[in-house]
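The values are calculated or read from the model by the stated rules, or taken from the named source; none is laboratory data. In this text, all values refer to a predicted model and were calculated from it rather than measured experimentally. For neighbour counting, all protein chains shown are included, and Cβ atoms are generated from backbone atoms with ideal geometry for every residue, glycine included. These accessible areas exclude ligands, DNA and RNA; they are computed on the full protein's heavy atoms, side chains included. Shrake-Rupley method; radii C 1.70, N 1.55, O 1.52, S 1.80 Å.
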4 protein chains.
Amino acid sequence: VLSLAVIGAGRIGAVHAASVAAHPGAELRLVADPVGSSAETLAAQHGARATTRVEDVLEADDVDAVIICSPTPLHVDQIIASVAAGKAVLCEKPVDLSLERVDRCLAAVAGQEHRVMMGFNRRFDPSVAEIHARVRSGEIGALEQLTIISRDPAAPPASYVAQSGGIFRDMTIHDLDMVTHFLGDVVEVSAVGQQLDADIAATGDFDAAVVTLTTASGAVATIINSRHCATGYDQRLEAFGPLGSLQLTNPTATHVRHFGATRAEATGPHLDFFLERYAADYRAELDHFVASVVAGTAPVPGLADGRAALVLADAATRSARTGERVRVDAAAVATH
Amino acid sequence: VLSLAVIGAGRIGAVHAASVAAHPGAELRLVADPVGSSAETLAAQHGARATTRVEDVLEADDVDAVIICSPTPLHVDQIIASVAAGKAVLCEKPVDLSLERVDRCLAAVAGQEHRVMMGFNRRFDPSVAEIHARVRSGEIGALEQLTIISRDPAAPPASYVAQSGGIFRDMTIHDLDMVTHFLGDVVEVSAVGQQLDADIAATGDFDAAVVTLTTASGAVATIINSRHCATGYDQRLEAFGPLGSLQLTNPTATHVRHFGATRAEATGPHLDFFLERYAADYRAELDHFVASVVAGTAPVPGLADGRAALVLADAATRSARTGERVRVDAAAVATH
Amino acid sequence: VLSLAVIGAGRIGAVHAASVAAHPGAELRLVADPVGSSAETLAAQHGARATTRVEDVLEADDVDAVIICSPTPLHVDQIIASVAAGKAVLCEKPVDLSLERVDRCLAAVAGQEHRVMMGFNRRFDPSVAEIHARVRSGEIGALEQLTIISRDPAAPPASYVAQSGGIFRDMTIHDLDMVTHFLGDVVEVSAVGQQLDADIAATGDFDAAVVTLTTASGAVATIINSRHCATGYDQRLEAFGPLGSLQLTNPTATHVRHFGATRAEATGPHLDFFLERYAADYRAELDHFVASVVAGTAPVPGLADGRAALVLADAATRSARTGERVRVDAAAVATH
Amino acid sequence: VLSLAVIGAGRIGAVHAASVAAHPGAELRLVADPVGSSAETLAAQHGARATTRVEDVLEADDVDAVIICSPTPLHVDQIIASVAAGKAVLCEKPVDLSLERVDRCLAAVAGQEHRVMMGFNRRFDPSVAEIHARVRSGEIGALEQLTIISRDPAAPPASYVAQSGGIFRDMTIHDLDMVTHFLGDVVEVSAVGQQLDADIAATGDFDAAVVTLTTASGAVATIINSRHCATGYDQRLEAFGPLGSLQLTNPTATHVRHFGATRAEATGPHLDFFLERYAADYRAELDHFVASVVAGTAPVPGLADGRAALVLADAATRSARTGERVRVDAAAVATH
């Protein structure tokens, strides 16, 4: 049984703590959060100890691995310190908003990269995983066009947006990781940002975007993003090849269809929140992390994948700002 | 090119006349209707002659075949006279509301049965035809459960209902013909009638019904009918066997889906009228008739199929009235 | 926090134990099973005590309520004893296979009926609950036709079937409870049994069936059952009224659609097992039980609902065996 | 009744001739084709005269309007000559592959533009028309993202491709007209071409492409094209706005769903040919043309729309060739 600590007792920390508690091969020992009451409340729910000091986690003999759920600016230091302390790490995305700091992190953990996993949960979505496996099996032939539509139910507060690093680093980064996951040989990025929401525009950020990524193999990926969607969380993906295509569709909360006088076959709205939509992902993600640590193998996605997504996000940001297409060093994003 | 006449210039006569006009192997020569202006209007649309006398049709040297679209009580006499005059016949369903008269008709055309086709259009629906062919091909194994849901958009006037022969002979008969088409070895009929519409109840008829038919092979068919359906014409069929099932679903007028705040994936309502829903059927039906007459082969469904559907409708009527299950002579309904 | 014991540590006992462990308002204290190792394994998983004696449950001061997951023949005695011992009871369906014994049970707990809930899990399925609420709200008008298609992925062993009480008491009983839930005023039952599976036929039971139930209100319910279904668990329900209809459709394991050369839009197969299909139901069912016990109100469905379903199952059995329709005492099934 | 001539008796000429023949307000008088036998065959089918000389059409007193279905390089001269001869014109898309020649055409018919309609049939697709009307009605709020996926079942011969003007002018032009139709204020075009098919690559053309179009209003349109699609004709469109979205989905030939052991709910493949997919469009297009000519109003889309689509296709071609985004004169594409 792997012993874990969670650093950061916020919303996503609570999700991971619950996953650990429910996992037959894992045990939650410690929860750390600078706000002591938050740490204590979460720890108490799962019979773990609480602390306000990250150092306590690093020094704990009964902690094999840590899940980093702290604010993004703390990620790099905590990854480096955890690895130095001999802990395996599962870190929430992104590694950091600065490529320079990501590279510093990679340098610091050199030789121990296989001890760090990045929490790109969507790779572990059962439907995404199924499509990925079927594409890899050759069912649709060589992937030619990857189309991702990804829209959130509603925009976060402008105050959050202002510190988010921009839509491409904050929101699109999940979709860019999908591109890395499915294609991985991106050579050029072209992005168009939209400013339809005045509050977000006031922060200088975009609230919607379309990104086109071309690859060395000739495949093209398209990402269509929006910070809002009336029907709820809208997360679709289409892998198209010469033999057919595979589509990820949106789940609804129930399996009810209504037929009335003005319409036939109306379902309820889509799930409205990412924790609800992607609940199964976090469990599968933890499962992969635990299995990798136990086996001593490198979990995927790792730090290099985190870096690749950021390289693409930076390129998209630059493209949207300059109106130019931006070349990407294929080696930087071809992580596997 | 086969030369045809249409007897009866009403709604369904106009459908058949247009199908003949558009058919490359058929020509419309004559339209007969006791209301001269109706005959003339329809004939003029397609460059044909008009008459008020059925005798003119029977005597016309340039008419090879007739399509009988007159009121039901006239069908039997017109079938007998047409066959006697050497014409092939496509007769709208039903043959008659009285089994005795149907048997008289069969006796009168004995030896010439292959010259008469009954217009059970649903057999020619492209979707029904596809399901039938796939069931016959063994794709789902031996048919075990056939479920038909068949609902009209709105009830006809009570005055029509009063002369219709009752829901089983007027509406269910199409579904009963489907049972004959897919199974054909019915041995028992159990029917429940519903009186939810006061106007129809006042005529003594039912406006909804559920019929269960058991067969010698062990398969069971279920028919669920209603004279009204808010979403429009509701015509579904499910063939279930050990290897899978095949379903007929309802078409909508356009291929648009709406996603809004209160629902995802709403289509428009179903098609609202049988002529619209089944437009393709009438063309395919005529095509089979023309091809059979030209080849000298027996068209299907024939008079025996018309009789089988009536036997089942009579049994359902009796069952619904008495509350008893009614045995059926399997030989009477096993037409093929 | 409500303290619970589980009697019976088999497959369904394990499901309930896990639900209790995960419920914030409930605690698992005791697991009883005549096979000591089964009780101990399940108890250990959730930090509870184990015993081989039901008496230990009845005598335990720290147990407020019991969940009875033992074999059906033990249900009645354990319900009676538990209620007598002051415990609230959630009992797996059915109460018993014998109406006489059910009535004895009701007599024994007279005045304490509100302490017993029957585990008809489907009422708690989120989709069924949604449809029920929308029908009750009047969205489709007065319910006219209720159509239930309910098929299992594969038949149980003939040895199980032989002791099951027959398809109507073992399998259809869930669907009959749906009829009670949605309509409740059944006056007549007509059932047709099918013997398509030789092994099951050898036990004298049916492996497929169609049941028609008429009600005092004029609504008609139809149930179509099969012990096998190639596509997996097939659980559909359609509530039809004058203003529209609501359908329960089948979930699939993932949200992937494949489009290939021979077909468009193929999903994966349906969920293949009732524990998987109905996982959410058991949690919602427990939630209702816990809330009712805490509030001192009568949980629904109760013993009377369990009796009503058995009355209908008995009627269906008799109808299928005799070929006659069977009248039902409306008072016996109108539980609310 | 409007009298028409068809110039060009090829595949699309035959479609239009049949539409005219079936239209109650139109009559086919003349079919012209340099291949006399083609003209005669088509004319005979609909009781019209035939000629090998376009001049005969221009001089015919009994011809009010012409439908130009000749090869693209002949369009401009035939439009000019027809308008000069007093005929109304419905011309198949595109006007021409050269913007210079299109401008020459516009100059030549100056003052008579309302006598020329361009055959962008997709605007008349019932589903597209419904979406357009619902967007215009404000149902989804201001259009923010328009996403078009448009794939042909199979690539045309390389010999055709070589003379087609390139994928953007030949295939994407239909989708670009959709952008004009829905948005109309494009200011920049960014296109990526793909060369996945060696035969087409040998001609120097692309066989797949992704085009992003930004507009003055802030909306963005994305077009995803491929010359092949295993599932058949793939023609989707999604209009997304703050209040919801509207999707155009692909029709299938029949309404059958198959459920088997390895999958649930498989439909048949999409329609495989544009004439089949868009049959209804050509009839609606002709209807609009006839009504406009009779009323003396300007049909839409007109020559200016044909020019706008070509401007966008030229921009996409340049963008794909240079790797630069291309600015567009908004006035050139804002036709309404």
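Quick check for me: using +1 on Lys/Arg Cβ and -1 on Asp/Glu Cβ, what's the dipole size of segment D:1-87 about its Cα centre, in debye to the nearest 20?
Taking the Cα centre of segment D:1-87 as origin, the dipole is about 260 debye.
Which distances in nm, rounded to one decimal and ordered from shortest, link the label point of A:Ala85 to the equivalent label points in the other identical copies, with labels set 7 Å from Cα toward Cβ?
4.8, 8.9, 10.1
Report the residue, chosen from B:Gly260, B:Gly47, B:Gly166, that carries the largest GNM mean-square fluctuation when chain B is represented by alpha-carbon nodes joined by springs under 10 Å.
The residue with the greatest mean-square fluctuation here is B:Gly260.
Report the residues of segment A:265-282 in range of a label on C:Ala133: point 7 Å along Cα→C-beta, backbone N strictly under 19 Å from it.
A:266-273, A:276-277
Could you give the nm distance between label points at B:Asp272 and B:Asp62, where each point is 7 Å from its Cα heading toward the beta carbon?
Each label point lies 7 Å from its Cα, and together they span 4.1 nm.
Taking all protein chains as present, what is the carbon and sulfur share of the accessible area of chain B, in % to the nearest whole number, probe 1.4 Å? Mind dumping the intermediate values first?
Numbers: 6230 of 11620 Å².
Percent of accessible area from carbon and sulfur atoms in chain B: 54.
Amide H to amide H, which residues 5 or more places from C:Glu188 or on other chains are under 5 Å from it, using H placed in the peptide plane?
C:Thr214, C:Val328
Grab the Cα-Cα distance for B:Thr297 and B:Gln112, subtract it from 0.36 nm times how many residues apart they are, and report the gain in nm with one decimal.
Residue separation times 0.36 nm, minus the Cα-Cα distance, leaves 65.5 nm.
Expressed in nm to one decimal, what extension gain is obtained for the pair D:Asp287 and D:Ala21 from 0.36 nm per residue of sequence separation less their Cα-Cα distance?
94.6 nm is the gain from fully extending D:Asp287 to D:Ala21.
Go ahead and run the numbers for FRET between D:Ala261 and C:Arg11, Cβ-Cβ distance against an R0 of 22 Å, rounding to 0.05.
0.35
For A:Leu99, put the label point 7 Å out on the Cα→Cβ axis and report which residues of segment A:309-331 keep their amide N under 13 Å from it.
Counting only backbone N, you get A:309-319, A:326-331.
What are the residues whose amide H is under 5 Å from the amide H of C:Gly244, where those residues sit 5 or more places off or on another chain and H is modelled from the backbone?
Residues meeting the criterion, in which the H sits 1.01 Å from N, are B:Ala230.
What is the residue of chain B with the smallest Cβ distance to the axis taking B onto A, and what is that distance in whole Å?
In residue-and-Å form, the answer is B:Ala266, 2.
Taking the Cα atoms only, what angle lies between the long axis of helix D:303-322 and the longest principal axis of chain D, rounded to 10 degrees?
Computed tilt is about 40 degrees.
Can you list the distances in nanometres, one decimal and ascending, from the B:Ala201 label point to the identical position in each other copy, with the point 7 Å along Cα to Cβ?
In nanometres, ordered from closest: 4.3, 6.2, 7.4.
Just give the residues from segment D:133-149 buried by at least 50 square angstrom of accessible area in the all-chains context relative to the isolated chain, probe 1.4 Å, and say none if nothing qualifies.
D:Glu144, D:Gln145
What list of ³J(HN,Hα) couplings, whole Hz, do you get for segment A:138-155 from phi and the Karplus terms 6.51, -1.76, 1.60, once you set θ to phi - 60° and write x for glycine and proline?
So the J values, rounded to whole Hz, are x, 4, 10, x, 5, 4, 10, 9, 10, 10, 10, 10, 9, 10, 8, x, 8, 5.
Net charge near D:Ile173: determine it from the other residues with C-beta under 12 Å of the C-beta of D:Ile173, scoring Lys and Arg +1 and Asp and Glu -1.
-3
What angle, in degrees between 0 and 90 and rounded to the nearest 10, separates the Cα long axis of helix D:75-84 from the longest principal axis of the Cα atoms of chain D?
Its long axis makes an angle of about 50 degrees.
Go through segment A:179-213 and flag every residue whose accessible area shrinks by 10 Å² or more with all protein chains in place compared to the isolated chain (probe 1.4 Å).
Residues losing area: A:Ser190, A:Val192, A:Gln194, A:Leu196, A:Val210, A:Thr212.
Using the Karplus curve 6.51 cos²θ - 1.76 cosθ + 1.60 with θ = phi - 60°, what ³J(HN,Hα) values do you get for each residue of segment B:194-206, in whole Hz, with x for Gly and Pro?
10, 10, 9, 9, 4, 5, 6, 4, 5, 7, x, 9, 9
For chain A, calculate the relative contact order in percent as a whole number, restricting contacts to Cα pairs under 8 Å that are 6 or more residues apart.
Relative contact order of chain A: 19 percent.
First measure r as the distance between the Cβ atoms of B:Thr41 and C:Asp329, then evaluate 1/(1 + (r/R0)^6) with R0 = 56 Å and state the FRET efficiency to the nearest 0.05.
0.35
When DSSP assigns beta bridges and you keep just the ones with both residues in the protein assembly as shown, what percent turn out antiparallel, to the nearest 5? Present the calculation step by step, with values, prior to reporting the outcome.
Values: 156 of 268 bridges.
DSSP beta bridges in the protein assembly as shown are roughly 60 percent antiparallel.
About its Cα centre, how strong a charge dipole does the protein assembly as shown have in debye, to the nearest 20, once Lys and Arg get +1 and Asp and Glu get -1 at the Cβ?
0 debye
Springs between alpha-carbon pairs under 10 angstrom, Gaussian network model over chain D: which of D:Leu312, D:Leu176, D:Leu58 fluctuates most?
Looking only at D:Leu312, D:Leu176, D:Leu58, the biggest GNM fluctuation is shown by D:Leu58.
For the protein assembly as shown, what does -39500 (n - 2.57) per DSSP helix run (n ≥ 4), summed and divided by total residues, give at 222 nm, in deg cm²/dmol to the nearest 500?
-11000 deg cm²/dmol
Between chains C and B, what is the buried accessible area summed over both chains (1.4 Å probe, protein heavy atoms, nearest 100 Å²)?
2900 Å²
Towards the positive end of the charge dipole of segment B:282-336, with charges on Cβ (+1 Lys, Arg; -1 Asp, Glu), say which of B:Ala331, B:Val290, B:Ser319 has the farthest Cα.
B:Ser319
In whole Hz, with x marking every Gly and Pro, tabulate ³J(HN,Hα) for segment A:255-269 from phi via Karplus 6.51 cos²θ - 1.76 cosθ + 1.60, θ = phi - 60°.
Per residue, the Karplus-derived 3J(HN,Hα) values read 10, 10, 10, 10, 10, x, 5, 9, 7, 10, 6, 9, 8, x, x Hz.
Compute the helix-to-body angle for D:172-182: its Cα long axis versus the longest principal axis of chain D, expressed 0 to 90° and rounded to tens.
Value to nearest ten degrees: 80.
List, shortest first and in nm to one decimal, how far the label point of A:Ala44 (7 Å from Cα along Cα→Cβ) is from its counterparts in the other copies.
Those separations, rounded to one decimal, come out as 3.1, 9.1, 9.5 nm.
Rolling a 1.4 angstrom probe over the protein heavy atoms, how many square angstrom per residue are accessible across chain D?
On the way: 11620 Å² over 336 residues.
For chain D, the solvent-accessible area averages 35 Å² per residue.
What is the sum of charges around A:Ala208, taking Lys and Arg as +1, Asp and Glu as -1, for the other residues whose C-beta is under 10 Å from the C-beta of A:Ala208? The partial results should precede the final answer.
Numbers: positive: A:Arg151, A:Arg227; negative: A:Asp197, A:Asp207, D:Glu144.
Net charge around A:Ala208: -1.
Under the Kirkwood approximation for Rh and a Cα-based Rg, what ratio Rg/Rh is obtained for segment B:75-169?
Checking Rg against Rh, the ratio lands at 1.05.
For a quick check: with amide H placed at 1.01 Å from N, whose amide H comes under 5 Å from A:Ala26's, ignoring anything fewer than 5 positions away on the same chain?
Correct list: A:Leu2.
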